[in-house]
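Every read-out reported here was derived from the displayed coordinates using simple, explicitly stated rules and does not represent laboratory data. These numbers come from a predicted model, not from an experiment. With ideal geometry, Cβ positions are generated from the backbone for all residues, glycine too; neighbour counts draw on all protein chains shown.
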């Protein structure tokens, strides 16, 4: 992996073939429709799938954003909207990937089970910059609660995004920027 | 000795104002540290993240939008002068300030009333307040809005006296390495050493409230802060864990006397949105 950062434009939702073309370390400007969901919403979604019911949004090729935004001020789609820690979603994620989920945006490590499901089904894990909620909020053009409004900040929202900056952390081959990025830096500094 | 009567409405109104500043304006010491980290950073990916963080701060301050959606649980250190006599309940005043401030500035309500039954209180209260009695007639409030991405990666250990400085260093480095990308690096690391099980954690939290421009007053611990920071920034984790030099922006150590048989150590991690503020009333 070189130190040069390659920026790619990507439209969500996207197909397995597009997911498999993405490589760990690439910087992406993501546009299109994604869905916000975090802890409590994941539990509900998986329970619903296990009961054999239809999910409240098309899960096939969908991209989920792990975010609990701050409320919107007047004239804005959402308030501050940076990623939350992804590992809390790990217990639910393999089931969602096997039901069509194509991409996830969050921050931090994923479990081996999640990475195995990603490789098997062709799903990709992006990181948005944790703590850059005001910056990311600018890329979110529309936000609409489509289910589980009772969960407040954790409700399921359909988000329309334009050039949302994210980085491919784990690709469909299991390459992982959290492992490789520090390794490259250390190799360069301790040779 | 004269007693100063202190109307708690002053405290309430101050807290209400401070909430917005805390959430939307990154303190100068942290901002300067990010700029300095950018100057020293040699990884392109890491530089891009640091530039985005500075841009994020600008947008947040300009538009009065929280820099991070996790506007935290509010932690307050209340230092009350011996000569202060409160007119009213200062704890309720602090909570009411947060209630008003979070609502007015549309910050995220992130507090549940019970750790297992988990019902959101809807107003981001209660505040975690620690009170200390100090000489004088002033009331000093120091507030943090503490995000839990980093709080969750913090740790406490009851080391043995034989573990010594080396044991403390190892525990700190290990904790930071384990936190990795989950806790939103570059971090500020608050370390408590000594005291008892409860007090060491509080010392670590107090360390996070200290501006990065100040070192521990004891040259021995000031040197340890510097050497730990250098060692942490050799881990290679870098901004957001993408690889780079800037894993931490600063290390602050607070120490306490302790028991002959113990060496408690607590490491409280703060993310780069290290929101702290102080006001003397």
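To keep it simple, each residue is scored yes or no on (1) over 12 Å from residue A:159 (Cα atoms); (2) within 14 Å of chain B (Cβ to nearest Cβ); (3) in contact with a strand residue (DSSP E or B) (Cβ under 8 Å, 6 or more places away or on another chain).
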| site | (1), (2), (3) |
| --- | --- |
| A:26 | yes, yes, yes |
| A:29 | yes, yes, yes |
| A:34 | no, no, yes |
| A:40 | yes, yes, no |
| A:52 | yes, no, no |
| A:63 | no, no, yes |
When restricted to B:53, B:116, B:133, the only residue surrounded by 19 or more Cβ atoms within 10 Å (Cβ to Cβ) and either away from chain A (no Cβ under 14 Å) or in contact (Cβ under 8 Å) with a residue 60 or more places away in the chain (or both) is B:53
Residue list for segment A:109-133, restricted to those being farther than 14 Å from residue A:64 by Cβ and free of Cβ contacts under 8 Å to residues at least 60 places away in the same chain
A:111, A:112, A:113, A:116, A:119, A:120, A:129, A:130, A:131, A:132
Wholly enclosed helices (runs of 4 or more DSSP H) of segment B:11-110 bearing at least 2 residues under 13 Å from residue B:125 (Cβ atoms):
B:90-104
Filter segment B:64-76 down to the residues that are within 7 Å of chain A (Cβ to nearest Cβ) and without any contact (Cβ under 8 Å) to a residue 60 or more places away in the chain, then identify the one that is surrounded by the fewest Cβ atoms within 10 Å (Cβ to Cβ).
B:65
Being in a strand (DSSP E or B), in contact (Cβ under 8 Å) with a residue 12 or more places away in the chain and either over 21 Å from the mean Cα position of the chain (by Cα) or surrounded by fewer than 20 Cβ atoms within 10 Å (Cβ to Cβ) (or both): is that true of residue B:125 here?
no
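Can you list the strands (runs of 3 or more DSSP E) lying wholly within segment A:86-165 that have 1 or more residues being more than 10 Å from chain B (Cβ to nearest Cβ) and surrounded by fewer than 18 Cβ atoms within 10 Å (Cβ to Cβ)? Lay out the reasoning, then the answer.
Values: elements: A:103-106, A:124-127, A:140-147.
Filter on segment A:86-165 gives A:140-147.
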